[in-house]
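I have placed the structure first, in the form of structure tokens, so that the comments after it can refer back to it.
We did not get these values from a lab; they are worked out from the coordinates using the rules stated. Keep in mind the model is a prediction, meaning the values are calculated, not measured. When we count neighbours, we look across all protein chains shown, and the Cβ atoms used for this are built from the backbone with ideal geometry, even at glycine.
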Amino acid sequence: MLNDPVLVNDWHVVALATDLQEGKTMAVRLLEEDLVLWRVGTSICVWQDLCVHRGTRLSLGKIENETLACPYHGWVYDQDGQCIRYPAHPEQKPSERAHTKVYKARERYGWIWVCLGEPAQDIPVFAQWDDPTYRKILCGPYEYKASAPRAIENFLDVTHFPFVHQSYLGDPEHAEINDYTVEINEDGITASDINIWQPDPDGTGQGANVSYIYRVYRPFTAGFIKSSAGPHFAMFFTITPVAPDLSRAWAYVAMDYSNLTDEEARQYQNMITLQDVPIVESQRPELLPLDLQAELHLRSDRTAIAYRKWLRQLGLTFGTA
Ligand code: FES
Ligand code: CO
């Protein structure tokens, strides 16, 4: 496994909670580690996907009586990851070393979050989650054959809207960005009062200026809230760093108005993301350069500058150069 303590000791979404069904294993990959997930009721087991006997994938195994049996020679593991039976020697008490590598898991916002080390902080707060005035629409996952920091930086960037999302989120004739403010603090980054013109920000068909506030909670979790004259549109966005060049993004759209059905809002978000993916996948170098001299920056790139500085302060290495 990689040597990036910031990410090892952080929570990462790996799956939709409803996709992990009782009686079935699930194989996922996080930070280049193969994991097997399985559940008994509300308790979720997340282990290295590897039988300690001969290295077979336990995700190919069978769940029975709240245990998971390896598909190769049938070693039976209990929910703590301890082997409790060698079928070839039923009378022999399994060794304490016959134990899988067990990781921490939590279910929140309908997702399964995993920490491969000791969590240094709680799962980030999705501000609109408990606010009934907002509808929450689950989106994704979206795959990027790109590094997670490149994909997050794209999420934080409003100056591409008029070009990549022309006629949806911006217009090349109205591409100016005001001098907004950015702060880096202990718990992340806040970029406030970013103003940009949009052709139809709230479904009335009228172009208007909108104002964004972005928050970066963790290296790979961020959100924004957008306000126009009245309505609010927010997003909570988090990325599974699968490998340095492979990312899976999970998102919620939250809105306090209803010009679109949930399904239409999801389709719209899918379309917007699919406009971003080829752009992000095309970026070189693949890994996000944390040396500010490595690429050129404008005043309007100050969120990205702050993001790179913050990742550097944290000592993040995965997906960066
Ligand atoms: Fe798992 Fe042998 S490899 S029981
Ligand atoms: Co975009």
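Some observations on this one:
- The chymotrypsin sites (Phe, Trp or Tyr not before Pro) of region 227-304 that meet both conditions, a loop assignment by DSSP and at most 16 other Cβ atoms within 10 Å of the site Cβ, are Tyr257.
- More than 28 Å apart - percent of Cα-Cα pairs taken over region 135-314: 18 percent
- Compared with the alpha-carbon gap, the fully stretched path from Asn65 to Ser258 is longer by 64.9 nm at 0.36 nm per residue.
- Estimated vicinal HN-Hα couplings, Hz - region 32-39 in sequence order (Karplus 6.51, -1.76, 1.60; Gly, Pro = x): 6, 9, 7, 10, 10, 10, 7, 9
- Taking the helices alone, the chain has a mean residue ellipticity at 222 nm of -4500 deg cm²/dmol, built from -39,500 (n - 2.57) per DSSP H run of at least 4 residues and averaged over all its residues.
- Mean sequence separation of contacting Cα pairs (under 8 Å, at least six apart), scaled by the length of the chain, corresponds to a relative contact order of 17 percent.
- Based on Cα contacts under 8 Å between residues 6+ apart, region 135-314 shows a relative contact order of 29 percent.
- Each residue of region 60-68 was assigned a 3J(HN,Hα) from its phi angle through the Karplus curve 6.51 cos²θ - 1.76 cosθ + 1.60 (θ = phi - 60°); the sequence is 8, x, 10, 9, 8, 6, 6, 10, 10 Hz, with glycine and proline shown as x.
- Reach of Lys62 by Cα under 22 Å, taken over lysines that are not fewer than 8 positions away in the same chain: Lys24, Lys93, Lys101, Lys104
- Alpha carbon convex hull of the chain, volume per residue in cubic angstrom: 134 Å³
- What the phi angles of region 134-145 give under the Karplus curve with 6.51, -1.76 and 1.60, with θ = phi - 60°, is a coupling list of 9, 7, 10, 10, 6, 10, x, x, 10, 9, 10, 7 Hz, glycine and proline written as x.
- Rounded D (µm²/s) - region 5-115, Kirkwood Rh over Cα pairs, Stokes-Einstein at 4 °C, 1.567 mPa s: 91 µm²/s
- Taking the longest Cα principal axis of the chain as reference, the axis of helix 302-314 is set at about 30 degrees.
- Residues whose amide H lies under 5 Å from that of Leu290, counting only those 5 or more places away or on a different chain, are Ala321; hydrogens are built 1.01 Å from N in the peptide plane.
- With Cα atoms, 0 to 90° folded angle of helix 262-282 axis to the chain main axis: 90 degrees
- Descending semi-axes in whole angstrom, ellipsoid equivalent of region 79-169, from the Cα gyration tensor: 44, 18, 13
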